[in-house]
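Colleague: Below is one structure. I have some questions about it.
The values are calculated or read from the model by the stated rules, or taken from the named source; none is laboratory data. If you're wondering where the values come from, they're calculated on a predicted model, not measured in any experiment. Virtual Cβ from ideal backbone geometry, glycine too; neighbours counted across all protein chains shown. Remember, those area values only see protein heavy atoms, side chains included, never the ligands or the DNA or RNA. Shrake-Rupley method; radii C 1.70, N 1.55, O 1.52, S 1.80 Å.
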Amino acid sequence: MNRAFETVLELSRDLYALRSAVGVLSWDQETYMPPKGGEGRARSMAALARVMHQRFSDPRLAEALGAAEAQPLSEAERVVVRELKRDRDKAVKLPEALAAEIAETVSLAQRAWAEARPKNDTAAFNPWLAKVVALRRQEAECLGYAETPYDALLENYEPGARASSLRVLLDDLKSKLVPLLGRIRAAQGAAPDPLAGKSFPIEAQRGFNHGILAAMGFDLEAGRLDESAHPFTEGTHPRDVRLTTRYHENDLMSALFSTLHEGGHGLYEQGFLPEWYGTPMSEAVSLGVHESQSRLWENQVGRSRDFWAGRYPGLQATFPAPLAGLPLDAFLKAINRVQPSFIRVEADEVTYNLHIVLRFELETALFNGDLKPADLEPAWNESMQRNLGVTPPEPRLGYMQDVHWSCGLLGYFPTYTLGNLRAAQIFEAARRALPGLAGDIRAGRFGALKAWLGENVYRHGRRYDGDGLMEKITGHRTAAGPFLAYLETKYAELYGI
Ligand code: ZN
C-alpha cells in the first residue's frame with residue numbers, strides 16, 4: 001500500500017467515524033431521546049455536520065487523494081479514491097452559506113408541513129414548498145449536472161441516474177401496470193379482508209419478528225431491533241446496525257413486513273468487507289440499491305408462497321384465535337391484496353409504483369418551473385384518478401401526505417421504484433444461480449441466499465453505480481421486465497388469470 005493511500009485511509013476512517021456518531025445520535029433521536037432533548041440534539045448534529053464539512057474541505061484530503069491517484073493502486077483502492085473525490089467535490093462545491101440556508105429552510109418547512117397537513121392548509125404550505133424548490137435549484141446550479149438540473153438532485157441519492165432515462169423506464173412501467181391493475185382487480189372481486197379487525201397480542205408479535213430476523217441471518221450481536229413510529233435502518237457501523245419496526249395490536253402484517261424490509265437493509269449494512277470498514281467500499285451504492293435489498297426480503301421472499309408454506313403453521317400456532325381457521329391460500333390472497341388507495345406508504349406492490357411515477361412526473365415539472373405549487377393539488381388529483389381510479393378528497397390525503405418535499409428531498413422518490421424493479425431483477429438472478437432456493441425458503445433456510453447477496457452485492461461497496469451493479473449481476477441495466485413478470489406470475493397463480 002503506498003504512503004499517500006495510507007493517509008487517504010486515515011482521513012477516510014476519521015470521516016466515517018464522525019458519520020457513525022451522527023448515525024447514533026439520529027437513531028437515538030427517533031427511538032429513546034426524551035421529548036425535551038430535541039434542541040440540544042439539533043445543536044450537536046449541526047456541530048458535527050460543520051466538523052465533517054471542514055474535514056472534507058481540508059486541503060490535506062485533496063492533496064492525499066491527488067498523491068494517491070498518481071501512484072499504482074489496487075482496484076478497490078482506486079474505488080476508495082474515486083468515491084472520496086466524488087464526495088469531497090460535492091461537499092466543497094456547495095457554498096457554506098447556501099448549505100446553511102437549505103438546512104434552516106427545510107427544518108422550518110418541515111415544521112410548517114407538520115402543522116399545515118392536518119388542517120389541509122395549502123396556503124400555509126405552498127410558499128414553503130416554493131422556497132425549498134428554489135433553494136434546491138440553486139444547489140443544482142452549484143453542483144453542476146449532466147443534462148438537466150434535476151440530475152444534480154438524483155446524484156445525491158442515485159449516482160449516475162438521469163431524469164431522461166428514468167422517464168423512459170417509468171413510462172414503460174406505468175403503461176403496463178395500469179392494465180395489469182385492472183385485470184387483477186377484476187379477478188379479485190370484493191372479498192373482505194380476513195385479517196381485518198382481529199387482535200394479535202404485541203408480545204407474541206415481538207417474539208415472531210425477532211425469530212424472522214434471526215432466521216434471515218441478521219447478526220443481533222452486531223445490531224439491534226427497536227421500535228419507532230416510522231420503521232427505519234441506521235447503519236452506524238457494519239458492526240452496529242440499528243433497525244426499528246412498529247407493532248399494532250390490530251395489524252399483524254405491518255410489523256412483519258417492516259421487519260423483513262428493515263432486515264434486508266440491515267443485512268446489506270452488515271455485509272461489507274471488514275478490511276474496508278471506514279471507506280466507500282463499506283457503503284451502499286445508492287438508495288435505489290439499498291431499497292432493492294429491503295424489497296427483496298419484504299416482497300420477493302416475504303410475500304411468497306414458498307416463504308409462508310414453511311412459516312404459516314408457526315404463525316397460526318402463535319396467533320391461534322385469529323388464524324386457526326384461515327387456510328394458507330386465503331392468507332396469501334390477503335397479504336397480496338391489491339387495492340388502490342390515497343396513501344403511498346399503505347400501497348400494495350402493484351399500485352405502489354404508480355404513486356411513485358406520479359410523484360416523479362410532478363416533482364420534475366415543479367423543479368423545471370412547468371408547474372407552480374398552487375397548481376399541484378389539481379394536477380395530483382387528476383393523475384391519481386387517471387392512473388389509480390381514485391381522487392383524494394382532501395390535500396392531506398393527496399399532495400400533502402409525504403414529508404419528503406418539505407424536507408427538500410426532491411429526486412428521492414424514484415429510488416423506491418428503482419428498488420422494487422431491481423429487487424425482482426436480482427431475485428431472478430439469484431434463483432437462476434441457486435437451483436435449491438425455493439426449497440431452502442420453504443424450509444426456512446436463508447444462508448445460501450444471504451451468501452449469494454454478500455458475494456454479488458454487499459462486498460462491492462461503491463465499486464459500481466446502480467446500473468453498473470445490475471449489469472454485473474443480471475447482464476442488464478435496471479429494467480421493468482422482471483418486476484412485471486414477477487407480478488404476472490404471482491397473480492396468475494393466486495387467481496388463475
Ligand atoms: Zn427502505
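Colleague: Within 13 Å of the ligand (Cβ to nearest atom) and assigned by TED's automatic domain parsing to the domain that holds LEU225: which single residue out of GLU283, GLU275, GLU269 fits that description?
Modeller: Result of the check over GLU283, GLU275, GLU269: GLU269.
Colleague: Is it the case, given these coordinates, that ALA430 is under 22 Å from TRP113 (Cα atoms), surrounded by 15 or more Cβ atoms within 10 Å (Cβ to Cβ) and touching a Leu at 6+ places or on another chain (Cβ under 7 Å)?
Modeller: So ALA430 does not fit the description; no.
Colleague: Turning to a different aspect of this structure: Given the conditions (1) within 16 Å of the ligand (Cβ to nearest atom); (2) over 26 Å from TYR458 (Cβ atoms), report the number of the one that GLY264 does not fulfil.
Modeller: Here GLY264 clears every test but (2).
The rows are residues; the columns are (1) open to solvent by less than 10 Å² (accessible area, probe 1.4 Å); (2) farther than 13 Å from ARG344 by Cβ; (3) within 16 Å of the ligand (Cβ to nearest atom).
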{"position": "ALA374", "(1), (2), (3)": "no, yes, no"}
{"position": "ASN387", "(1), (2), (3)": "no, no, no"}
{"position": "VAL390", "(1), (2), (3)": "no, no, no"}
{"position": "PRO395", "(1), (2), (3)": "no, yes, no"}
{"position": "VAL403", "(1), (2), (3)": "no, no, yes"}
{"position": "THR415", "(1), (2), (3)": "yes, yes, yes"}
{"position": "LEU421", "(1), (2), (3)": "yes, yes, yes"}
{"position": "GLN425", "(1), (2), (3)": "yes, yes, no"}
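Colleague: Select from segment 435-444 the residues that are crowded, with 16+ Cβ neighbours inside 10 Å and without any contact (Cβ under 8 Å) to a residue 40 or more places away in the chain and write down the one among them that is nearest to TYR312 (Cα to Cα).
Modeller: Taking the candidates together, the pick is ASP440.
Okay, residues lined up against (1) more than 24 Å from VAL403 (Cα to Cα); (2) of a type in the set (A, V, I, L, M); (3) part of a helix (DSSP H, G or I); (4) in contact with a helix residue (DSSP H, G or I) (Cβ under 9 Å, 6 or more places away or on another chain):
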position: GLU39; (1), (2), (3), (4): no, no, yes, no
position: MET45; (1), (2), (3), (4): no, yes, yes, yes
position: PHE56; (1), (2), (3), (4): yes, no, yes, yes
position: ARG60; (1), (2), (3), (4): yes, no, yes, yes
position: LEU84; (1), (2), (3), (4): yes, yes, yes, yes
position: VAL106; (1), (2), (3), (4): no, yes, yes, yes
position: ALA112; (1), (2), (3), (4): no, yes, yes, yes
position: ALA124; (1), (2), (3), (4): no, yes, yes, yes
position: ALA130; (1), (2), (3), (4): no, yes, yes, yes
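Colleague: Can you list residue pairs whose Cβ atoms sit under 7 Å apart, with the first residue in segment 254-279 being among the β-branched types (Val, Ile, Thr) and the second being within 16 Å of the ligand (Cβ to nearest atom) and assigned to a helix (DSSP H, G or I)? Count only pairs 6 or more apart in sequence or on different chains.
Modeller: THR259/LEU213
Colleague: Here are GLN110, GLN71, GLN54: which of them is under 25 Å from the mean Cα position of the chain (by Cα) and open to solvent by 40 Å² or more (accessible area, probe 1.4 Å)?
Modeller: Result: GLN110 is the single residue among GLN110, GLN71, GLN54 that is under 25 Å from the mean Cα position of the chain (by Cα) and open to solvent by 40 Å² or more (accessible area, probe 1.4 Å).
Colleague: Separate question: Among the residues of segment 219-228, is any touching a Ser or Thr at 6+ places or on another chain (Cβ under 8 Å) and open to solvent by 30 Å² or more (accessible area, probe 1.4 Å)?
Modeller: Yes, there is a match, as at least one residue in segment 219-228 is touching a Ser or Thr at 6+ places or on another chain (Cβ under 8 Å) and open to solvent by 30 Å² or more (accessible area, probe 1.4 Å).
Colleague: Right, another one. Within segment 387-417, track down each residue that is in contact with a Ser or Thr (Cβ under 8 Å, 6 or more places away or on another chain) and either in a loop (DSSP other than H, G, I, E, B) or β-branched (Val, Ile, Thr) (or both).
Modeller: Those that are in contact with a Ser or Thr (Cβ under 8 Å, 6 or more places away or on another chain) and either in a loop (DSSP other than H, G, I, E, B) or β-branched (Val, Ile, Thr) (or both): VAL390, MET400, GLY408, THR415.
Colleague: Ok, one more. Any residue at all in segment 180-195 that's part of a loop (DSSP other than H, G, I, E, B), free of Cβ contacts under 8 Å to residues at least 40 places away in the same chain, among the aliphatic types (A, V, I, L, M) and more than 19 Å from ASP465 (Cα to Cα)?
Modeller: yes
Colleague: Would you check which residues across segment 222-241 are within 14 Å of the ligand (Cβ to nearest atom) and assigned to a strand (DSSP E or B) and list them?
Modeller: Correct list: THR233, GLU234, GLY235, VAL241.
Colleague: Only residues that are open to solvent by less than 20 Å² (accessible area, probe 1.4 Å) and small (Gly, Ala, Ser): list them for segment 138-173, please.
Modeller: Passing the criteria: ALA140, ALA152, ALA161, ALA163.
Colleague: Scanning for something open to solvent by less than 20 Å² (accessible area, probe 1.4 Å), within 29 Å of LYS472 (Cβ to Cβ) and within 16 Å of the ligand (Cβ to nearest atom), does segment 303-312 turn up at least one residue?
Modeller: Within segment 303-312 (the criterion being open to solvent by less than 20 Å² (accessible area, probe 1.4 Å), within 29 Å of LYS472 (Cβ to Cβ) and within 16 Å of the ligand (Cβ to nearest atom)), the answer is no, since none of the residues qualifies.
Colleague: Have a look at LEU332, LEU358 and point out the one that is closer than 27 Å to ASP306 by Cβ and among the hydrophobic types (A, V, I, L, M, F, W, C).
Modeller: LEU332
Colleague: Could I ask something else about it? Which is buried (at least 18 other Cβ atoms within 10 Å of the Cβ) and in contact (Cβ under 8 Å) with a residue 40 or more places away in the chain, of LEU354, LEU326, LEU362, LEU358?
Modeller: Just a single option satisfies the conditions, and that option is LEU354.
Colleague: Can you run down the residue pairs with Cβ atoms below 7 Å, 6 or more apart or on separate chains, where the first is in segment 280-304 and aromatic (Phe, Trp, Tyr) and the partner is near the ligand (Cβ under 10 Å from one of its atoms) and open to solvent by less than 10 Å² (accessible area, probe 1.4 Å)?
Modeller: Every condition considered, the pairs that remain are TRP297/GLY264.
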